[in-house]
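Have a look at the structure below before the remarks.
The values are calculated or read from the model by the stated rules, or taken from the named source; none is laboratory data. Being a predicted model, the structure only gives us computed values, none of them experimental. Glycine also receives a Cβ, built like all others from the backbone with ideal geometry; neighbour counts cover every protein chain displayed. Ligands, DNA and RNA are excluded from the accessible area calculation, which covers all protein heavy atoms including side chains. Shrake-Rupley method; radii C 1.70, N 1.55, O 1.52, S 1.80 Å.
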Amino acid sequence: MEDAINIVKLHKSFGPLEVLKGINLNVQRGETVVILGASGSGKSTLLRCINFLEIPTAGRIYLKGKLIGTPVNNEPDGGLLQYRDKELQAVRTSVGMVFQHFNLFPHMTALQNVMEGQVTVLKRSKAEAAERGRNLLAKVGLAEKADEYPARLSGGQQQRVAIARALAMDPDVMLFDEVTSALDPELVGEVLRVMRALRDDGMTMVIVTHELGFAYHVADRVIFLNQGEIYEAGPPSEVLGRPQREKTIQFLNGHNQFRLP
């Protein structure tokens with residue numbers, strides 16, 4: 001299998017605070033990788049570096065084998081990179097991201113939200129964008145809500161619209177950052193079912209979540225971050241079922257709702 005994402009010695013600092021400390025991670029095409037870790041471990045920062053909402057301090061990110069950024073003064077591997085706006089815009093189109101908060105346009109219907117990026121970024125006609133949008137809303141179980149405004153949708157429905165909006169850009173990779181953490185417990189399942197269907201369709205996904213049961217059943221690989229480093233990694237049956245390292249065990253013990261089947 002070819003790598004969809006290849007991360008090499010990734011560092012990210014905010015002033016004197018080093019959040020990511022040399023991350024090395026490959027994600028294969030069609031793979032679902034779940035990232036776990038305590039608050040402040042660097043999970044969200046890692047996702048935001050993958051689609052360059054945060055610019056790495058050092059290191060290399062390759063998407064489908066292509067280095068993002070241009071080496072400054074032809075420096076060897078590990079040297080500084082220059083990032084151009086046009087290149088980063090293309091990255092953010094091919095790497096979709098769904099956030100904890102839905103960030104829908106309140107003055108647009110569900111369908112208009114899903115159409116907007118298609119028309120303004122991909123330059124699709126409104127008719128083509130509407131057709132694609134309706135198909136995607138049906139895919140996430142919201143065909144009948146196309147003409148509703150976000151204020152009339154539940155949190156779970158709004159999050160599913162946000163997923164449809166990201167999918168409308170035809171991304172190669174989908175990133176999910178704690179997308180169920182702002183939802184009432186009874187609404188979590190409807191969002192996780194959509195994500196599981198995407199996995200079954202072969203979408204490449206990197207998911208930050210505390211839904212450990214979902215991670216156990218859906219992930220191909222689980223990565224546990226601790227203080228900006230990959231602390232433990234492997235299949236969910238190992239990392240979640242038979243963790244080997246102290247911090248991982250402590251983290252899992254703090255999630256009493258997680259039980260192996």
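Screening the candidates F105, F99, F14 for the property of being among the hydrophobic types (A, V, I, L, M, F, W, C) and either under 19 Å from the mean Cα position of the chain (by Cα) or open to solvent by less than 70 Å² (accessible area, probe 1.4 Å) (or both) yields one hit, F99.
Residue-wise test of (1) assigned to a helix (DSSP H, G or I); (2) free of Cβ contacts under 8 Å to residues at least 24 places away in the same chain.
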{"position": "V8", "(1), (2)": "no, no"}
{"position": "S13", "(1), (2)": "no, no"}
{"position": "E18", "(1), (2)": "no, no"}
{"position": "I23", "(1), (2)": "no, no"}
{"position": "N26", "(1), (2)": "no, yes"}
{"position": "G30", "(1), (2)": "no, no"}
{"position": "S41", "(1), (2)": "no, no"}
{"position": "L47", "(1), (2)": "yes, no"}
{"position": "N73", "(1), (2)": "yes, yes"}
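Checking every residue in region 231-243 against the condition of being modelled with pLDDT under 95, surrounded by fewer than 17 Cβ atoms within 10 Å (Cβ to Cβ), part of a loop (DSSP other than H, G, I, E, B) and out of contact with any Asp or Glu (no Cβ under 6 Å at 6 or more places or on another chain) gives at least one match. Against the list (1) open to solvent by 20 Å² or more (accessible area, probe 1.4 Å); (2) under 20 Å from N26 (Cβ atoms); (3) in contact with a strand residue (DSSP E or B) (Cβ under 7 Å, 6 or more places away or on another chain), the condition V173 fails is (1).
Considering region 151-170, and only residues there that are buried (at least 24 other Cβ atoms within 10 Å of the Cβ) and polar (S, T, N, Q), the residue that is nearest to V191 (Cα to Cα) turns out to be Q159.
Could you say which residue among E131, E148 is in a helix (DSSP H, G or I), among the acidic types (D, E) and surrounded by fewer than 18 Cβ atoms within 10 Å (Cβ to Cβ)? So the residue among E131, E148 that is in a helix (DSSP H, G or I), among the acidic types (D, E) and surrounded by fewer than 18 Cβ atoms within 10 Å (Cβ to Cβ) is E131. Of the residues making up region 216-230, those that are touching a Pro at 6+ places or on another chain (Cβ under 6 Å) and either among the aromatic types (F, W, Y) or outside any strand (DSSP E or B) (or both) are Y216, A219.
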